[in-house]
Amino acid sequence: MKKFIRNRWTLVIAFVIVLLLNYLSSAGIVLPYSQKEISDMYYNLYAPADFIFSIWGVIYLGVVFTIYREFGKFPNSFQEAFRKRLKGLFLGWMICNIFWNITWNLNFLSISFVCIFIYTLLLYFANEEVAKDHILYREKWMVRYPIGLHLGWLIPASFANLFTLLVKWGMNGVGTLACVLTCLAIIIVVFTVIIIAVRTKNIAVAIPSLWALIGIGVKNFGFTDFAYPELSVAISASIFFVLGIVALIIFYPRRESYN
């Protein structure tokens with residue numbers, strides 16, 4: 001098993017499978033539903049406008065940078081730190097990504113929520129490992145920011161998966177309870193990503209969640225074809241978008257030096 005994980009082609013093969021399955025699931029090929037069809041089937045106030053999901057292109061580009069870092073002519077100290085601290089976590093989140101796509105498109109939303117929850121935890125641990133290791137921490141654009149961006153998106157995405165599951169279980173996705181829970185989720189997400197970003201000195205963790213708030217606001221202000229926009233959710237998203245930026249300005253370290 002150790003030999004398999006240390007092989008530098010392991011992540012390349014796993015990531016190619018991830019990309020292929022993401023394409024097939026998005027297009028509704030092979031599996032019975034597309035990702036969007038499942039989302040539209042269980043509409044709710046929390047799911048952001050469609051254009052927000054374009055962030056996956058940036059996230060996967062970051063993954064390419066990180067994987068490439070294992071192949072380049074870099075010091076052995078980086079190779080050892082990456083393989084020891086991150087490679088197993090990377091392989092784990094890729095497996096979760098694959099199973100999430102399959103279970104989501106099969107409408108097995110309870111299982112898909114477990115997959116995305118574990119997926120998020122693995123990225124959280126990866127971000128923590130980077131913060132602990134000065135060699136990995138220095139790789140700002142190739143390691144630290146790509147992992148932070150990925151984690152920062154999975155946190156609000158997990159809540160989106162949860163709301164979809166709750167609607168499937170019978171909750172009115174656009175009712176009063178859904179409105180209250182959506183505003184509460186916005187607050188929790190913003191506080192969570194700001195705390196993680198400040199504590200691990202990785203501002204990239206905060207960016208995707210703020211981006212998601214733009215999508216939630218746009219949808220609930222009525223700028224999309226969503227049939228049930230909720231003004232209070234749009235206002236909440238706008239307020240906490242501003243508060244999130246203010247918190248970063250106040251609390252984020254001026255210098256990202258490793259301690």
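Read-outs throughout are calculated quantities, based only on the coordinates presented, and are distinct from any laboratory measurement. If you're wondering where the values come from, they're calculated on a predicted model, not measured in any experiment. Neighbour counts are summed over all protein chains in view; Cβ atoms, including those assigned to glycine, are modelled from backbone coordinates with ideal geometry.
Numbers for the structure displayed
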item	result
Residue-wise HN-Hα coupling along segment 178-186, computed from phi with Karplus coefficients 6.51, -1.76, 1.60 (Hz; x: Gly, Pro)	4, 4, 4, 5, 5, 4, 5, 5, 4
Segment 129-259 - percent relative contact order, Cα under 8 Å, separation 6 or more	28
ALA227-LEU184 FRET efficiency (beta carbon distance; Förster radius 30 Å; 0.05 resolution)	0.85
Taking the chain and dividing mean pair separation by its residue count, relative contact order in percent (alpha carbons under 8 Å, at least six apart)	23
Relative counts (whole %) of C-alpha pair distances in segment 1-151, using bins that are 10 Å wide	10, 38, 33, 15, 3
The chain: Lys pairs at Cα distance under 18 angstrom, eight or more positions apart or on different chains	14
Using θ = phi - 60° and Karplus 6.51 cos²θ - 1.76 cosθ + 1.60, couplings along segment 128-133 (whole Hz; Gly, Pro as x)	5, 5, 4, 5, 8, 10
